[in-house]
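J.: Below is the structure I would like to discuss, written out as structure tokens.
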Amino acid sequence: MLRRLAAIAALPLLACDAPGPLVVLPGGPTSDWTHYGADAGGSRFSPLRQVTPENVVHLERVWEFHTGDVAKGDAEGSGKTSFQATPIAIDGALYLCSPMNRVFALDAETGALRWVADPEVADTGSWTRTCRGVAHARVAADGACAERIFTATMDARLLAYDARSGERCTGFGRGGEVDLSVGVSGFRTDEYGVTSPPTVIGDVVAVGALVGDGRRVDAPSGVVRGFDVRTGALRWAFDPVPPGTPRSPDAPDGSPRYYPGTPNAWSILSADPSRDLLFVPMGNPSPDFYGGLRDGIDYYGSSVVALRGSTGEGVWHFQTVRHDLWDYDVASQPTLLDVTGPDGRRVPAVAQTTKMAHVFLLDRDTGEPVHPVRERPVPASDVPGETSAPTQPFPTHPPPLLPEALGPDDAWGLVPWERNACREKLEALRTGPIFTPPSLEGTLQYPGVAGGSNWGGLAVDRERGLLVMNLNRMPTVQRVVPRGEEVAIPVRRPYDVIFPQIGTPFAQFQSTLLSPLGVPCTAPPWGTLTAVDLATGEKRWEVPFGSTRDIAPFPFWVDWGLPSMGGPIVTASGLVFIGASMDDALHAYDVETGEELWSARLPAGGQATPLTYRRPGGRQFVVIAAGGHGTVGTTLGDSVVAYALPIEAEASE
């Protein structure tokens, strides 16, 4: 998207300060990384303190592992891999999945392979192949499969492996797997599969699924299901239809059937085992951009839903977007934390960041906002047959984190003629405040479909009361196209896409707003890293995030901030680690100030969330999957890379 930044006038490169002396500190605490988001509540916070703002400049690469699973796909992106996995670290082992759904166990100290398991996933025909992570459960004191690694696949299977050997747990389901296509009407492997890790709560392993965007009205169901961690038997199913909707009749063989077209949970779930609560981020119903035929099916669309973990019973839900027409699904993991309410009372809460760059702080038990949420009027749709929501919810603490409108006056270019061309493009579109609906002439959507915040979510600094997140600042153009006219629209891959929305009167044309030079028509930064003070709701700091180094030739490397996929983590010592951006690098920032303290080149794009862990007597490791993102267009690869302080920096316990 930005490869023509070579047109930028040459800028001087900033010299890096030489590293200071190595600061050797006491070894401090030890900690594993037992869940995708560090803990069941997805905090992405580590208590580790061995690597500090003072000594982080001495981090060095200590090992690198290659999965062997990388595919370049075709010119339009189909079949490419996207290595988005965050490994989990448990008792000296790392467990992760590759884009081909192979599962690996590595030695956490050396990166040496312990075992690999291959579920032999069928070629689903999906656009990009990915797997974000696996889950762990201890189900018995000892014996085969006492500890299990759960993974779910692109071709809709849930599998259990022995954590020690990698052998299938044959008592789970049939031969170690459960068929997730059962009951999913209209199931097709090219539009239904799992990309995010399962979630274990008690003796249940829960899983949602990805349903392809904008395909058809009767797309596969977005059902969320819980299975017994030992046997794989179905324990419950949450069919996300409005309350009171009659249950779908069972299939002739007695198996359940679930409603088609419902909102789906493609992202990462969170759990509070002490409350027996599962927190589910829901997408929007099918198709994404036209809601004239939904008839209430979007009751749970773009919501955070709290389910009883043992039964699947709905406890509460909070809708972040009414009648979503923008693909503003809840893309990130709900994050559990304690916050102080307006009355000074500490509240167990859920923080939910969204593609709109809104952060909602919700009471964990009731779903009620901890701070006021205002319903504000928004523009109405004039698309025939569409009835858009008259208002949308806006948080007040923190307030929206991005500008809420862009128009012709915001046109940007490297030179005046380019800026004028961008202004003409913007003048031809419908522009307005956030939630301006898609239109027949084309609407500028800001933030775009990638956010704001996407699946990388946020990290909580529990000690300093901060939320840290990476935000995208790229608009999208959304045009409603009468049925039959879409065939005449030229499509520039990967910047444009047409969603057929079969069963509705309209297809949808979505594009990226670029100048004649291929540069975004809006001013940088196109991505930021932001910290929000939980006590005040205000931004503590915000910095451009991402360099043009790997998408433009030397000497046109500038730190203007780029779109990102993946998320940050925070350590108790005061560091933020993040890859995510379109430069092939892992970065460390001071969580107090936003100052970048260290970065390291990666062998491929780091579109994944890193992790950190430390065993007793050992070094603190920072690990990231570096395999790029087939859709975003970063460098593809198959590496898992680990960093630590030099061996002489180790200190005794």
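The values are calculated or read from the model by the stated rules, or taken from the named source; none is laboratory data. This is a predicted model, so every value here is computed, not measured. Cβ sites come from the backbone with ideal geometry, for glycine too, and all protein chains shown count toward neighbours.
Listed here are the residues, each with its yes/no results for (1) within 25 Å of the chain's Cα centre (by Cα); (2) surrounded by 23 or more Cβ atoms within 10 Å (Cβ to Cβ).
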| site | (1), (2) |
| --- | --- |
| Glu109 | no, no |
| Ala112 | no, no |
| Trp115 | no, no |
| Arg129 | yes, yes |
| His136 | yes, no |
| Ala146 | no, no |
| Ala156 | yes, yes |
| Asp162 | no, no |
| Glu167 | no, no |
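J.: Which condition number does Arg540 fail, the rest of (1) at pLDDT 95 or above; (2) touching a Lys or Arg at 6+ places or on another chain (Cβ under 7 Å); (3) among the charged types (D, E, K, R) being met?
T.: (2)
J.: Taking segment 136-166, which residues are closer than 27 Å to Gly633 by Cα and not in a strand (DSSP E or B)?
T.: As a first pass, look at segment 136-166 and keep what is closer than 27 Å to Gly633 by Cα: 151-156.
Matches in segment 136-166: Thr153, Met154, Asp155, Ala156.
J.: Just need a number here: residues in segment 213-254 that are over 23 Å from Pro285 (Cβ atoms), assigned to a loop (DSSP other than H, G, I, E, B) and at pLDDT 95 or above.
T.: Adding up the residues that qualify gives 5.
J.: Go through the residues of segment 452-459 one by one and say whether even a single one is over 30 Å from Pro348 (Cβ atoms), touching a strand residue (DSSP E or B) at 6+ places or on another chain (Cβ under 8 Å) and not aromatic (Phe, Trp, Tyr). Show your work before the answer.
T.: Keep residues of segment 452-459 that are over 30 Å from Pro348 (Cβ atoms), which gives none.
No, every residue in segment 452-459 fails to be over 30 Å from Pro348 (Cβ atoms), touching a strand residue (DSSP E or B) at 6+ places or on another chain (Cβ under 8 Å) and not aromatic (Phe, Trp, Tyr).
J.: Taking segment 92-135 only, how many residues are out of contact with any Asp or Glu (no Cβ under 7 Å at 6 or more places or on another chain), of a type outside the set (A, V, I, L, M), at pLDDT 95 or above and assigned to a strand (DSSP E or B)?
T.: 5
J.: Ok, one more. Kindly provide the set of residues from segment 21-38 that are surrounded by fewer than 18 Cβ atoms within 10 Å (Cβ to Cβ) and either of a type in the set (A, V, I, L, M) or modelled with pLDDT of 85 or more (or both), ordered by number.
T.: Leu22, Val23, Val24, Leu25, Pro29, Thr30, Thr34
J.: Still on this model: Collect the residues in segment 589-624 that are surrounded by fewer than 20 Cβ atoms within 10 Å (Cβ to Cβ) and of a type in the set (Val, Ile, Thr), keeping them in residue-number order.
T.: Thr593
J.: Please work out if Gly567 is surrounded by 19 or more Cβ atoms within 10 Å (Cβ to Cβ), closer than 21 Å to Val632 by Cβ and either touching a residue at least 12 places away in the same chain (Cβ under 8 Å) or among the β-branched types (Val, Ile, Thr) (or both). Break it down stepwise before answering.
T.: Values: surrounded by 19 or more Cβ atoms within 10 Å (Cβ to Cβ): yes; closer than 21 Å to Val632 by Cβ: yes; either touching a residue at least 12 places away in the same chain (Cβ under 8 Å) or among the β-branched types (Val, Ile, Thr) (or both): yes.
The answer is yes for Gly567.
J.: Here's another thing I want to ask about it. Which numbered condition trips up Val632, out of (1) of a type outside the set (Gly, Ala, Ser); (2) touching a Pro at 6+ places or on another chain (Cβ under 9 Å); (3) in a loop (DSSP other than H, G, I, E, B); (4) surrounded by fewer than 19 Cβ atoms within 10 Å (Cβ to Cβ)?
T.: Failing condition for Val632: (4).
J.: Here is a check on your reading of the model: is Ala552 touching a strand residue (DSSP E or B) at 6+ places or on another chain (Cβ under 9 Å) and either buried (at least 23 other Cβ atoms within 10 Å of the Cβ) or in a loop (DSSP other than H, G, I, E, B) (or both)? Write out each step before concluding.
T.: Numbers: touching a strand residue (DSSP E or B) at 6+ places or on another chain (Cβ under 9 Å): no; either buried (at least 23 other Cβ atoms within 10 Å of the Cβ) or in a loop (DSSP other than H, G, I, E, B) (or both): yes.
Criteria not met by Ala552.
J.: Filtering segment 338-385 down to residues that are over 24 Å from Arg473 (Cα atoms) and among the β-branched types (Val, Ile, Thr), which residue is surrounded by the fewest Cβ atoms within 10 Å (Cβ to Cβ)?
T.: So, considering only residues that are over 24 Å from Arg473 (Cα atoms) and among the β-branched types (Val, Ile, Thr), the one surrounded by the fewest Cβ atoms within 10 Å (Cβ to Cβ) is Thr366.
J.: Looking at (1) at pLDDT 95 or above; (2) under 23 Å from the mean Cα position of the chain (by Cα), which is the one condition that is false for Ser547?
T.: Failing condition for Ser547: (1).
J.: Between Asp410, Asp382, which is of a type in the set (D, E, K, R), at pLDDT 95 or above, touching a Leu at 6+ places or on another chain (Cβ under 9 Å) and over 25 Å from Glu538 (Cβ atoms)? Let's see the steps before the verdict.
T.: On the way: Asp410 fails: over 25 Å from Glu538 (Cβ atoms).
Result: Asp382 is the single residue among Asp410, Asp382 that is of a type in the set (D, E, K, R), at pLDDT 95 or above, touching a Leu at 6+ places or on another chain (Cβ under 9 Å) and over 25 Å from Glu538 (Cβ atoms).
Residue-by-condition table, conditions (1) at pLDDT below 95; (2) β-branched (Val, Ile, Thr); (3) touching a helix residue (DSSP H, G or I) at 6+ places or on another chain (Cβ under 7 Å); (4) surrounded by 22 or more Cβ atoms within 10 Å (Cβ to Cβ):
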| site | (1), (2), (3), (4) |
| --- | --- |
| Asp461 | no, no, no, yes |
| Arg464 | no, no, no, no |
| Asn472 | no, no, no, yes |
| Gln478 | no, no, no, yes |
| Ile489 | yes, yes, no, no |
| Arg493 | yes, no, no, no |
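J.: Mind listing whichever residues of segment 527-539 are more than 18 Å from Phe394 (Cα to Cα) and over 23 Å from the mean Cα position of the chain (by Cα)?
T.: Ala535 - this is the single residue of segment 527-539 that is more than 18 Å from Phe394 (Cα to Cα) and over 23 Å from the mean Cα position of the chain (by Cα).
J.: Follow-up question, since we're still on this one. For segment 432-449, which residues satisfy the criterion of being in a strand (DSSP E or B) and aliphatic (A, V, I, L, M)?
T.: Within segment 432-449, the subset in a strand (DSSP E or B) is 432-433, 439, 443-445, 448.
Residue satisfying the conditions is Leu444 alone.
J.: Just one of Ala488, Ala523 is without any contact (Cβ under 8 Å) to a residue 12 or more places away in the chain and aliphatic (A, V, I, L, M); which is it? Walk me through how you get there before you give the answer.
T.: Working: Ala523 fails: without any contact (Cβ under 8 Å) to a residue 12 or more places away in the chain.
Only one candidate qualifies: Ala488.
J.: Here is a follow-up. Between a first residue in segment 68-93 that is over 22 Å from Tyr495 (Cβ atoms) and surrounded by fewer than 17 Cβ atoms within 10 Å (Cβ to Cβ) and a second residue that is modelled with pLDDT of 95 or more and not acidic (Asp, Glu), which pairs have beta carbons less than 7 Å apart while being 6 or more apart in sequence or on different chains?
T.: Every condition considered, the pairs that remain are Gly92/Ala108; Gly92/Arg615.
J.: For segment 516-526, does any single residue satisfy the condition of being of a type in the set (Phe, Trp, Tyr), part of a strand (DSSP E or B) and either modelled with pLDDT of 95 or more or more than 22 Å from the chain's Cα centre (by Cα) (or both)?
T.: Restricting attention to segment 516-526, the residues satisfying the condition of being of a type in the set (Phe, Trp, Tyr) are 526.
From the residues that got through so far, the ones that are part of a strand (DSSP E or B) too are none.
Looking for residues that are of a type in the set (Phe, Trp, Tyr), part of a strand (DSSP E or B) and either modelled with pLDDT of 95 or more or more than 22 Å from the chain's Cα centre (by Cα) (or both), one finds none in segment 516-526, hence no.
J.: Now for a different question. Just for segment 185-202: of the residues that are in a loop (DSSP other than H, G, I, E, B) and within 20 Å of the chain's Cα centre (by Cα), which one is nearest to Phe499 (Cα to Cα)?
T.: Step one: filter segment 185-202 for residues in a loop (DSSP other than H, G, I, E, B), giving 185-191, 194-198, 202.
Imposing the further condition that a residue be within 20 Å of the chain's Cα centre (by Cα) reduces the set to 191, 194-198.
Numbers: Glu191: 13, Val194: 21, Thr195: 21, Ser196: 23, Pro197: 27, Pro198: 28 Å.
Only one residue fits best here, namely Glu191.
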